Amino acid sequence: MSEIKTYEIEKGLYLFKDPEPFFNFNSYLLTCSIDDKVSINILFDPLPLKYFKDFIKTLNELVGVENINIIYTNHQDPDLTSSVPALLDLAPRAIYITSQDTWRLVSGYNIDPKKFQPVEFIPNRKIKLNKEGDMCLEFIPTPFCHFRGATAVYYPKLKALFSGDLLGGASTKDTEGIYATEKSWLGIKLFHEVYMPTKEALKLAVDKIGRLNPLPELILPQHGDIIKGSLIIEFLSRLNDLEVGLDYIHTKEKEEEFYIRVFNDMIDFAKKKYGEENVYNKLNRISTQTSNFPEIVKIENGVISEVYIPAPTAFVFVYDVFCEDLPESEKEELRLKSIETFKKYNLEVPEELLYKKSTSIMDTFRRVFDIFRR
């Protein structure tokens, strides 16, 4: 049985998702019917070689891998390019489209250059798939998000943006399904803080997305959840202000020692409240859950000695793991204790902690008017 899960998002638009629970890979197939006899099949960001056998089986069940016309990759990382050479062998009529910066590195796979079409050589960076022009691919450069040559693809007919790593994330929501919820933000934030170089790169990409006409109603990233509806504007707005990469290192690394104290004060509190064995099991879960993602924290002898990602995000992630299986009253006690500890060391409280219990109408008004920050 194939480990790959397949979903039809819209008619002719399919998502392929690998089975990893915390940090998964997404690939997309778009089938465009030009007329009653002709269809064009476009594969975006193929799943990595690890899943190649099941991936081919799934593609054959849908359209036949030999009928793929275009293979596109957003950038050069092996999680989306390692399958490209073998796919091109199985799809002899297919062309490979990507940026020249990406090709410079992917050419190391010994792909036939005759099958490569640079994005930069496509007139107006737009491919019309029918005469009317409502069915087309628009190539949107998003430099340094997270690679110099990264390029998103917009399909106006479905208002769908294939965004690559931009707006991708780890899986942090506690519900099934392929669509993002508010709880997806922590995973998106974590991923961008680790892999995006600067806030300025994100601002440029967000601006480019905001200029698309019509605006996207579906954002299809290579990792995590598909984003749609009001969450598109909400998450883009948050990205616009997010400190990532070098920005975070320059402004926050001096506070890391105090964050480590916050972590360990909270672990001491949890040990007294729930017992050492329970706390050690929780800490072990953190290491196991993120086995295919860069380590979040370094755990030695039951304490946290180093933080490998921005500390506020790491704390929220650890906090969420500790909250699992707790009754609401104890979650609230842990939340308030966490806020108290941050204030003890004169550190800014992560907003996820401030708003953990915003369930009533009054809480909603408080959030809107930012009373908690006063």
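The values are calculated or read from the model by the stated rules, or taken from the named source; none is laboratory data. All figures in this text were calculated on a predicted structure; none of them were measured in a lab. Backbone-built Cβ (ideal geometry, glycine too); neighbour counts: all protein chains shown. Note: accessible area is taken over every heavy atom of the protein model, side chains too, but ligands, DNA and RNA are not part of it. Shrake-Rupley method; radii C 1.70, N 1.55, O 1.52, S 1.80 Å.
Based on what the data block shows, is residue 49 among the hydrophobic types (A, V, I, L, M, F, W, C) and closer than 15 Å to residue 83 by Cβ?
Answer is yes for this residue.
Go through (1) open to solvent by 40 Å² or more (accessible area, probe 1.4 Å); (2) farther than 30 Å from residue 285 by Cα; (3) in a helix (DSSP H, G or I); (4) out of contact with any strand residue (DSSP E or B) (no Cβ under 8 Å at 6 or more places or on another chain) one by one and return the number of the condition residue 202 breaks.
Looking at each condition in turn, residue 202 falls short on (1).
Search the stretch 340-353 for residues being part of a helix (DSSP H, G or I) and open to solvent by less than 20 Å² (accessible area, probe 1.4 Å), and hand back the single one that is farthest from residue 261 (Cα to Cα).
The extreme case among them is 353.
If you scan the stretch 64-85, which residues turn out to be open to solvent by less than 30 Å² (accessible area, probe 1.4 Å) and more than 26 Å from residue 140 (Cα to Cα)?
If the condition is that a residue be open to solvent by less than 30 Å² (accessible area, probe 1.4 Å) and more than 26 Å from residue 140 (Cα to Cα), then 64, 65 are the ones that fit.
Look at residue 26 and say whether it is of a type in the set (S, T, N, Q), under 23 Å from residue 134 (Cβ atoms) and either open to solvent by less than 10 Å² (accessible area, probe 1.4 Å) or modelled with pLDDT of 95 or more (or both).
Against the criterion (of a type in the set (S, T, N, Q), under 23 Å from residue 134 (Cβ atoms) and either open to solvent by less than 10 Å² (accessible area, probe 1.4 Å) or modelled with pLDDT of 95 or more (or both)), residue 26 does not qualify.
Counting only residues that are part of a helix (DSSP H, G or I) and either in contact with a strand residue (DSSP E or B) (Cβ under 8 Å, 6 or more places away or on another chain) or touching a residue at least 60 places away in the same chain (Cβ under 8 Å) (or both), which one in the stretch 237-250 is surrounded by the fewest Cβ atoms within 10 Å (Cβ to Cβ)?
By that ranking, first place goes to 248.
Step by step: first the residues of the stretch 263-287, then only those that are within 29 Å of the chain's Cα centre (by Cα) and exposed (fewer than 13 other Cβ atoms within 10 Å of the Cβ), then the one that is modelled with the highest pLDDT. Which residue is that?
Checking each candidate, the answer is 281.
Just to be sure before I move on: is residue 248 of a type in the set (Phe, Trp, Tyr) and either closer than 14 Å to residue 146 by Cα or in contact with a Cys (Cβ under 6 Å, 6 or more places away or on another chain) (or both) in the structure I sent?
No, not satisfied.
Looking at the stretch 297-305, is at least one residue touching a helix residue (DSSP H, G or I) at 6+ places or on another chain (Cβ under 9 Å) and at pLDDT 85 or above?
Checked against the condition, which is being touching a helix residue (DSSP H, G or I) at 6+ places or on another chain (Cβ under 9 Å) and at pLDDT 85 or above, the stretch 297-305 yields at least one hit.
Go through the stretch 67-106 and tell me which helices (runs of 4 or more DSSP H), entirely inside it, have 2 or more residues that are under 16 Å from residue 221 (Cα atoms).
Filter on the stretch 67-106 gives 78-81.
Would you check if residue 171 is among the polar types (S, T, N, Q), at pLDDT below 95 and within 24 Å of residue 78 (Cβ to Cβ)?
It is true that residue 171 is among the polar types (S, T, N, Q), at pLDDT below 95 and within 24 Å of residue 78 (Cβ to Cβ).
Looking at residue 79 and the list (1) in contact (Cβ under 8 Å) with a residue 12 or more places away in the chain; (2) over 19 Å from residue 99 (Cα atoms); (3) among the acidic types (Asp, Glu), which single condition is not satisfied?
(2) is the only condition that residue 79 fails.
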